Every structure is written in structure tokens, then in C-alpha cells.
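Trainee: Mind looking over this structure? Questions follow.
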Amino acid sequence: MGAILGQLEGFEAPASAWETEILPARIGEYEPAWLDEQCLSGRFVWTRMAARKADPARSVAPVRATPITLIARRNLRLWSSLTEALDGTHLSSKAQSVADYIRTHGASFFDELAEGAGLLPSQAEEALAELVALGIVNSDSFGGLRALLVPSDRRRPAAGGKRRRRVALFGMDTAGRWALVHRRPVGLEPNTPVQAIRQDDETIEHIAKGLLKRWGVVFWRLLAREAAWLPPWRDLLMCYRRLEARGEIRGGRFVAGFTGEQYALPEAIGLLREARRKPSSQHCVSLSGADPLNLVGILTPGPRLPALSGNRVLYRDGLPVATLSGGEVRFLETSPGSPPPDAKEQWELKNALLRRHVPAVLADMA
């Protein structure tokens, strides 16, 4: 679990997609308790890195669509240096009350927040949902975010209550403490101390190595699938050149059809050669549009598939063959001039495309 989260560190995805699409696609028999354990132990933290500025004329987006990032807590200082300071000047009265209570009393449990802010539990939940969507607060456990994603009528029933249907076992009591997200503004001011400049170089090197861990091979085009607040390619390029000079990575031409310099981990080169020699197996993999491997229109010709949880892409032997967007299935050319699939093949591809593996306990979040 820790290795998978380390590979995905710094990647932005809708809150609802992490446990229903991205992690189950990589971890067999995924259990929510595994992610809670990683967060409660202090190894990883969830948060919205790109804080959206509150706007009184614009409603806050639902929590399920909020771009959430999972980051190793020991690296939070490096990642948070890339994003702007928070702006909480236009919060609703309920959200402002909760934020003020946390600011005064520090990290607090949900019942303390509701009582201290003078709110009903439902009002406190609405306030926390607003603060999470704006990137102002997070909780010790991923259960806090999970509880905001599951409708209240589908959570843990009250004692003695009768179950008329399946109820998700997630509630605000599993969230742990809620706290403010702290980050420093982007950029280095004139006359910046040498120590701060070195820290900036340290940050860029950490991001550069993280991208290599995620992709194996990195070049400028892949940044289109990453968060907009990452360092620009020119800064990453200088870092990759230094890493190559130190013998830590390899430079070369690993992916055909793209201009510019490319860099790879030494172990990734062998895997690329093995994949090229591998015979066709017609193996299909269906992924959400929010998955990092949604590279349709980025590494392949044609329009991009929006990175939304409801969209899907089907890969066959590593090539995209079908997509689902806006409720419409579209079949793609695997090579120029290739004939379209017949009716039987289309039926098989469509079934494979729509197949999902959401853990039963998380079905209400899907």
C-alpha cells in the first residue's frame, strides 16, 4: 500500500475517484482500512493542494469533485511550497465559525467542532465540506473525507435502528481530528537567503524524482497529465540533466514521436524493451478518466478524454481501443487505416469498458 501511494504522491484526482477507481485498480481486494491506517499513522496525509479562492458570487463545488492529493507527511513541506497561500475571506458563516474554532483551539474532533461553533451536526458537516472543497482543512484519517462523500442516510445507523438496505459503515466519528492546512506562498523574494534557495532546489529534485517514480520515463508532454501547480518543464529539465550527470538516471530517446529531451529510470528501460518484445495477448484493462493512466490524446492521436470520474478508457495490450464520455461509447483506431471492430467485437469491448471493480463497501461513493 505504501509503495502505491508513494508512486501516486502529488497526483491530483477527484475525491470520489481515489477509493472507487484509482486504488482498487492497483491493489487487489482493496480495503478502506488500509488507507486509514496510512493516514492515522502519520505516513500520508490527504489535502487539496491547489487552494481554490472563495468567491461569494460562486458556489463551492461538491466535495466529490474536489481535486485531492495524497502526500507523504514527511514531504508535505516540499509540496506545500508549490502552492499559494489560502484565501478564506469569503466563507459562509457556518464555515467561518468552524475555521475560527480550529484556529483558536487547534486540531479538534467533530463533536468538539459542532459544540464549540454552536452548530447542529448536519450544519457542522456542511461547514467542513465547504472548508475541504476550498482546501482549508483536512482530517487525521481518510475517513473524514470518505464521510463527506457518502450521503448521511447511507452511513452507520443509529443504535437500535432497523436496516432496510445496505448502509455504509462510515461516519464522522472515524475522521479523527480536523485541522487547518498550512502552506507557504509560492516564489522566492529578492534577497532570498541561500538556505531558502537550496530548499527550492531540493523541492524541484524531489518532484523530478517523484515523476520518474510514477511514469518511469518523463518528457515534457507527460506534464499535461499532472497538476498545473508543478514546477515548469524548464526547471525540471535542469534537474534531470544534473541527475543524469550524476549517473542516477538515463537520458535518451525512449518514446518515439515526441520532440525534446527524455529521461528514464535505469530499471524502466529494461521494462520497455520487454514490453516491446512481448507477444499480443489481447489483455484488456478498463480505467477511469480520472486515473493517471488516462493518456488518451496526450500520448496517442485524437482528442483528449476529460479527466472525470464518470469517463472511462479501455486499453488492449496497452493501446486505447474505446472510451466512454458523456454516456457515449467511442471506438478508437489502434493503427492508421485499421478497420473498425465488427458488431461482436464492439459488444465485447463495450462490456470490458464498462466493467468496474468497486469494493462493495464503497459502492455508495461511486
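Bear in mind these aren't lab numbers, they're just calculated from the coordinates by the rules spelled out. Everything numeric here is computed off the predicted structure, so don't read it as measured data.
Trainee: Can you tell me the length gained on complete extension of the stretch GLU205 to ILE298, counting 0.36 nm per residue apart and subtracting the Cα distance? Walk me through the numbers on the way to the answer.
Mentor: Numbers: separation 93, 0.36 × 93 = 33.48 nm, distance 2.43 nm.
Contour length minus Cα-Cα distance gives 31.0 nm.
Trainee: Before anything else, pin down the relative contact order of the chain: Cα pairs under 8 Å, at least 6 apart, normalised by residue count, whole percent. Intermediate results must be reported in sequence, preceding the final value.
Mentor: Numbers: 562 pairs, mean separation 65.3, N = 366.
It rounds to 18 percent for the chain.
Trainee: Over the C-alpha atoms of segment 194-277, what are the Rg and the largest Cα-to-Cα span, Dmax, in Å?
Mentor: Looking at segment 194-277, its Cα Rg and Dmax stand at 13.2, 49 Å.
Trainee: Oh, and also: Under the rule of at least 5 residues apart or a separate chain, name every residue whose amide H is placed under 5 Å from the amide H of ASN138.
Mentor: ALA179, VAL181
Trainee: I've got another one for you. Normalised by the empirical 2.2 N^0.38 Å for globular proteins, what value does the Cα Rg of the chain take?
Mentor: Compactness ratio reported: 1.08.
Trainee: Given only helices, namely DSSP H runs of n ≥ 4 each adding -39500 (n - 2.57), what is the per-residue ellipticity at 222 nm of the chain, to the nearest 500 deg cm²/dmol?
Mentor: Working: 11 runs with 120 residues, N = 366.
Mean residue ellipticity, 222 nm, calculated: -10000 deg cm²/dmol.
Trainee: Quick check: from the Cα gyration tensor, does segment 245-311 come out rounded (a/c under 1.5), prolate or oblate? Each step should come with its number before you reach the end.
Mentor: Details: a/c = 2.10, a/b = 1.51, b/c = 1.39.
It is prolate, given that a/c is not under 1.5 and a/b is the larger ratio.
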